[in-house]
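For reference, the structure discussed in these notes is given below.
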Amino acid sequence: MCGITGVFAPGRDAARLAYFALYALQHRGQESAGIAAADGGTIRSHKAMGLLSAIFDEDILSDLSGHIAVGHTRYSTTGSSIVVNAQPLLERTELGDFAFAHNGNLTNTDDLRATLSPTTVLQATSDSEVMAKLIVESKGTMLDRIAAVLKVARGAYSIVLCTQDELYAFRDPWGVRPLCIGTLPDGGYIVASESCAFGPVGAQYLREVERGEILRITGKGLESHRTSVESAIPALCMFEYIYFSRPDSKLDERSIYMARYAMGRQLAKEHPIEADVVMAVPDSAVAGGIGYAAESGLPYVEGLIKNRYIGRTFISPDQKMRSRDVHLKFNPVVENLRGQRVVVVDDSIVRGTTTPRIVALLREAGAREVHLRITSPPIKHPCYLGVDMATYDELIAANYTVEEIRAKTGADSLGYLSLAGLMTAIGREREEMCVGCLTGEYPNVPATHQTRVLAKAEI
Ligand code: 5GP
Ligand code: MG
């Protein structure tokens with residue numbers, strides 16, 4: 001995962017707008033962040049490890065002058081978490097410089113790397129750099145080069161790219177990772193991974209960037225260039241709906257909040273239970289919890305309060321504290337739990353490390369019964385397209401039955417949303433989404449790549 005944004009704002013400081021957009025996308029990656037800005041001539045950039053608020057200040061942003069910018073927040077899935085892998089990447093061609101920011105994972109990086117000139121030196125370890133080098137080594141205009149890369153690159157890639165005087169945005173032919181475009185209030189455009197980035201800069205949502213589409217934004221306005229997507233099946237990532245996207249974003253005009261609310265209602269239909277209260281694990285499951293409560297007629301309560309400042313801690317707790325690490329993140333609201341039969345709605349169980357701790361915490365706080373309800377089906381297969389779940393070993397539902405998982409979590413009952421129920425709630429067809437982590441059928445990932453990734457990960 002990652003968050004990306006591109007800004008074309010004549011007469012304004014694009015880097016500042018990109019900063020506020022990235023701030024709204026911080027949930028998509030907390031490892032590193034960067035912004036590159038172009039003023040028609042020079043491209044300047046700044047990137048570092050850590051959270052946006054720690055990386056940028058007034059002085060740094062003022063140095064990034066210019067009306068065009070691209071920005072990135074990184075969540076590493078391929079390539080190590082080190083600063084050379086931070087983005088935007090800066091590259092040089094005969095046409096001039098460009099800056100490049102990528103969300104997604106390629107699935108044919110090794111094959112693509114093999115087509116690069118033997119004299120090309122790769123500094124980073126990421127698939128993103130291979131893609132940027134392909135653009136460097138292609139021929140023709142920037143548009144020609146991007147179109148050439150779209151023909152050969154497989155996997156997931158939503159990309160923003162700025163040259164010295166133009167902004168480009170494009171999406172892979174499968175449309176795995178989201179990307180949308182909005183209009184800025186004083187003219188110009190903003191592209192972002194999610195529409196929640198538009199509010200802070202006063203932008204209006206225009207539409208999704210289509211799969212296989214290349215947008216080119218210049219002083220003359222917006223152009224759309226469609227490349228062939230005939231051989232590609234639509235494969236928007238289902239996990240964007242379950243967990244990744246912010247609830248205040250929309251995808252194809254569908255509100256993530258309302259999709260999660262509908263998942264909660266559907267879950268209550270599929271797995272009703274006699275109980276006193278419904279709560280959600282904050283923040284990602286809240287809309288689902290409210291939906292479950294509405295459908296079941298039970299009151300919705302806050303059973304856990306999340307520390308808003310915890311994010312990803314860079315200081316790891318010592319061994320004694322580690323067993324209590326769920327307490328660093330959550331405190332129970334004892335008054336809502338004591339003596340109650342509690343339905344706990346969460347969005348997913350991935351590795352199964354968090355959930356047993358939450359169940360234990362609720363019992364310590366006095367809950368009489370704990371009924372776990374999950375707004376996704378069991379996650380049984382790895383993701384090769386950008387979500388951080390790489391191996392069968394680490395996925396609890398790949399190795400245990402629902403009843404075994406219930407026992408491991410310590411809950412009194414456990415119910416997962418069905419795949420059909422999930423699709424009904426989202427309002428989409430299964431054939432237009434990637435549900436590989438649920439079914440093991442990936443519309444977009446060559447079998448050779450799957451075995452290669454697993455072989456590497458299991459060493
Ligand atoms: P686990 O079962 O892996 O211990 O944790 C599941 C919890 O992690 C769920 O509450 C879910 O909201 C959250 N979660 C799901 N996917 C991700 C992810 O990709 N990254 C992070 N940081 N949390 C996730
Ligand atoms: Mg969660």
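The values are calculated or read from the model by the stated rules, or taken from the named source; none is laboratory data. For clarity, every value in this text was computed on a predicted model and none was experimentally measured. Don't worry about glycine lacking a Cβ; one is built from the backbone with ideal geometry, like all the others, and counts go over all protein chains shown. Protein only, heavy atoms only, side chains kept; ligands, DNA and RNA dropped before computing areas. Shrake-Rupley method; radii C 1.70, N 1.55, O 1.52, S 1.80 Å.
Just one of the listed residues (L438, L385, L454) is touching a residue at least 12 places away in the same chain (Cβ under 8 Å), open to solvent by less than 10 Å² (accessible area, probe 1.4 Å) and either among the basic types (K, R) or within 24 Å of T107 (Cα to Cα) (or both), and it is L385.
Residues of the range 303-320 include none that is of a type in the set (V, I, T), open to solvent by less than 50 Å² (accessible area, probe 1.4 Å) and away from ligand 2 (no atom under 16 Å from the Cβ).
Among the residues here, I217 qualifies as within 21 Å of D13 (Cα to Cα), modelled with pLDDT of 95 or more, β-branched (V, I, T) and not in a helix (DSSP H, G or I). Residues that are surrounded by fewer than 17 Cβ atoms within 10 Å (Cβ to Cβ) and assigned to a helix (DSSP H, G or I) were ranked within the range 266-281; the one that is nearest to ligand 1 (Cβ to nearest atom) is E270.
Taken together, R428, R373 contain a single residue that is assigned to a strand (DSSP E or B) and within 28 Å of L251 (Cα to Cα), which is R373. Screening S231 on (1) in contact (Cβ under 8 Å) with a residue 12 or more places away in the chain; (2) more than 16 Å from ligand 2 (Cβ to nearest atom); (3) open to solvent by less than 60 Å² (accessible area, probe 1.4 Å); (4) farther than 28 Å from I68 by Cα shows it passes everything except condition (3). Sub-9 Å Cβ pairs linking a first residue in the range 42-64 that is more than 15 Å from D13 (Cβ to Cβ) and assigned by TED's automatic domain parsing to the domain that holds A14 to a second residue that is open to solvent by 20 Å² or more (accessible area, probe 1.4 Å) and of a type in the set (D, E), at least 6 apart or interchain, are M49/E31; G50/E31, ordered by first then second residue.
Among the strands (runs of 3 or more DSSP E) confined to the range 56-129, the ones with at least 1 residues that are exposed (fewer than 14 other Cβ atoms within 10 Å of the Cβ) and touching a helix residue (DSSP H, G or I) at 6+ places or on another chain (Cβ under 9 Å) are located at 89-93. Do we have S284 as among the polar types (S, T, N, Q), open to solvent by 10 Å² or more (accessible area, probe 1.4 Å), within 16 Å of ligand 1 (Cβ to nearest atom) and in contact with a strand residue (DSSP E or B) (Cβ under 9 Å, 6 or more places away or on another chain) here? Judged against the criteria, S284 is a match. Within the range 29-39, the set of residues being at pLDDT 95 or above and surrounded by fewer than 24 Cβ atoms within 10 Å (Cβ to Cβ) comprises D39 only.
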